[in-house]
Amino acid sequence: MAVEWAGSGPELLFTIDRDSGAGLRTQLEEQFRDAIRGGRLAGGEKLPSSRELAGALGLSRGLVQDCYAQLQAEGYLTSRPGSATRVAAAAGLPRPTPPPPSPPTRPRPAIADFRHGVPDLRLAPREDWAWAIREVCRTAPNTAFDYGDPIGDQHLREVLAAYLRRVRAVAATAGQVVVCTGMAQAFGLVLRALAAGGVDTLAFEDPGTAGSTTGQANAAGLAAVPVPVDEAGLDVEALDRSGARAVLVTPAHQWPTGVVLAGHRRQELLAWARRRDGVVIEDDYDAEFRYDRDPVGSLQGLDPDRVVSLGTVSKSLAPALRLGWLVAPERLVPALARDKLVTDRGSPGLDQLALALLIESGRYDRHLRRARTEYAARRRTLVDALAAHAPGLRVTGLAAGFHAILHLPPGAVEQEVIDQARQRGVGLYGLARMHQVPGPHPPRLILGFGDTPEHTIAPGIVAVADLLRG
């Protein structure tokens, strides 16, 4: 299928050599024939008007019209009154039709899909974001369209520092904030800065996102070791035995178990960092979404010299925006800035200004309240459905975020439950695959409700209730 260019036609990369001795019209006709035969110009593709092509090549319009007429006579081009000249559909080499997009290997289940880690993309505040972008384009000075500071726009960093102090009890100034292209870049920047400072091993929570964590650690030259998580969060004694000098934690809502790092463990973890001259990397991935508990402040606020805090709008706004940040001890900022400069010279400047405006205007907080209300309703529906159709099963990890952990009965085979549920049109996902240390581990399911429409939650639970009960 030919691309349908807007306007009177696209430019063509043709050249005319006036010193070659060949006639100008002959040159033009031959270049058209070669382009059509070779597939550069596809059947049905729109050509520039004779006036435009003549002006671009420095030829007379009459010469181009004669060229078009000759090629039409030969069957290369076609034209009708009131329409642009086009490449004839049967001319030249047919372009292969691209295959249709491959369907997902496992299409979304028909009844309900309790996948996790993804917000409801329908809640993305499109109108608010469009408003912010329009306002920025209308009011930003010309300098805003130049390359900016690689660590981020100064105004956004000031806004983020103030916002994080207000809602997360972070101890930060704008000088400690680095704006990144999402959480993954922020994590990679920190790992490389730590490796340059002599850190050779990163610890991470088990269970957790081992694959991506290990991959990024290895890419930065660090070994990665798992440390177990229990009902109080990361086992700091096990961390101490690991020999690591850096650790990645999710203290506000551990991924995936949902436990909160207990107060005494927080103190033990920070004491470990001071004793080992280590660094704690805090992934604050979904702290905005809390329900029936008081907010848990950022670990960074307790020891800004030992904790790097990572944040993103991927869960709160949309992953496609690719905006995140890190708050680092001042001693790490120069290395982070150098790496950020080399990596991409800075994240998109207009998007940074739009995010700053969204936060300052109160629209960001308003969106979070709407989203929190929606997720809270789904959470209640999930809890009620489990209480009604799978009574007695323990549900944990619900205090924040948009996933829950369902503890299956002893003896249940996690993968068998998942496979049988899939056959019934319900997507369930297990926790066993997120463990790095060999089991046995108790059978548990991760029930995501971020991207699960509320009206599908109860039918999904009903359809697999007997499987859940064992």
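Which condition does T381 not pass, out of (1) surrounded by 14 or more Cβ atoms within 10 Å (Cβ to Cβ); (2) polar (S, T, N, Q); (3) more than 29 Å from the chain's Cα centre (by Cα), if it passes all the others?
Condition (3) is where T381 drops out.
What single numbered condition from (1) touching a Phe, Trp or Tyr at 6+ places or on another chain (Cβ under 7 Å); (2) at pLDDT 90 or above; (3) more than 30 Å from F449 (Cα to Cα); (4) part of a loop (DSSP other than H, G, I, E, B) fails to hold for G75?
Single failed check for G75: (1).
Residues in the stretch 413-420: is at least one farther than 13 Å from F114 by Cα, in a helix (DSSP H, G or I) and of a type in the set (V, I, T)?
Within the stretch 413-420, one or more residues are farther than 13 Å from F114 by Cα, in a helix (DSSP H, G or I) and of a type in the set (V, I, T).
Given the conditions (1) surrounded by 20 or more Cβ atoms within 10 Å (Cβ to Cβ); (2) in contact with a Pro (Cβ under 6 Å, 6 or more places away or on another chain), which single one is not true for G448?
(2)
Run P141 past the list (1) touching an Asp or Glu at 6+ places or on another chain (Cβ under 7 Å); (2) closer than 22 Å to G346 by Cα and report the number of the one that doesn't hold.
(1)
So, restricting to helices (runs of 4 or more DSSP H) that lie completely within the stretch 135-228, which ones have at least 2 residues that are within 24 Å of the chain's Cα centre (by Cα) and touching a residue at least 40 places away in the same chain (Cβ under 8 Å)?
Per the criteria, 154-168, 182-196.
Has the stretch 360-382 got at least one residue that is among the acidic types (D, E) and closer than 22 Å to I446 by Cα?
Checking the stretch 360-382: at least one residue is among the acidic types (D, E) and closer than 22 Å to I446 by Cα.
Within the stretch 256-282, can you find the residues that are in a strand (DSSP E or B) and either of a type in the set (A, V, I, L, M) or at pLDDT below 95 (or both)?
V279, V280, I281
Collect the residues in the stretch 37-72 that are of a type outside the set (S, T, Y), part of a helix (DSSP H, G or I) and within 48 Å of the chain's Cα centre (by Cα), keeping them in residue-number order.
Correct list: R37, G38, R51, E52, L53, A54, G55, A56, L57.
Within the stretch 307-334, can you find the residues that are under 15 Å from G197 (Cα atoms) and out of contact with any Asp or Glu (no Cβ under 9 Å at 6 or more places or on another chain)?
Answer for the stretch 307-334, where residues must be under 15 Å from G197 (Cα atoms) and out of contact with any Asp or Glu (no Cβ under 9 Å at 6 or more places or on another chain): A328, L332, V333, P334.
Looking only at the stretch 7-36, how many residues end up being closer than 13 Å to L77 by Cα and under 42 Å from the mean Cα position of the chain (by Cα)?
Within the stretch 7-36, residues that are closer than 13 Å to L77 by Cα and under 42 Å from the mean Cα position of the chain (by Cα) number 2.
Looking only at residues that are loosely packed, with under 15 Cβ neighbours inside 10 Å and among the hydroxyl-bearing types (S, T, Y) in the stretch 80-104, which one is modelled with the highest pLDDT?
Among those that are loosely packed, with under 15 Cβ neighbours inside 10 Å and among the hydroxyl-bearing types (S, T, Y), it is S83.
The values are calculated or read from the model by the stated rules, or taken from the named source; none is laboratory data. Small disclaimer: the values here were computed from a predicted structure and weren't measured. We place every Cβ from the backbone using ideal geometry, glycine too, and count neighbours over all the protein chains shown.
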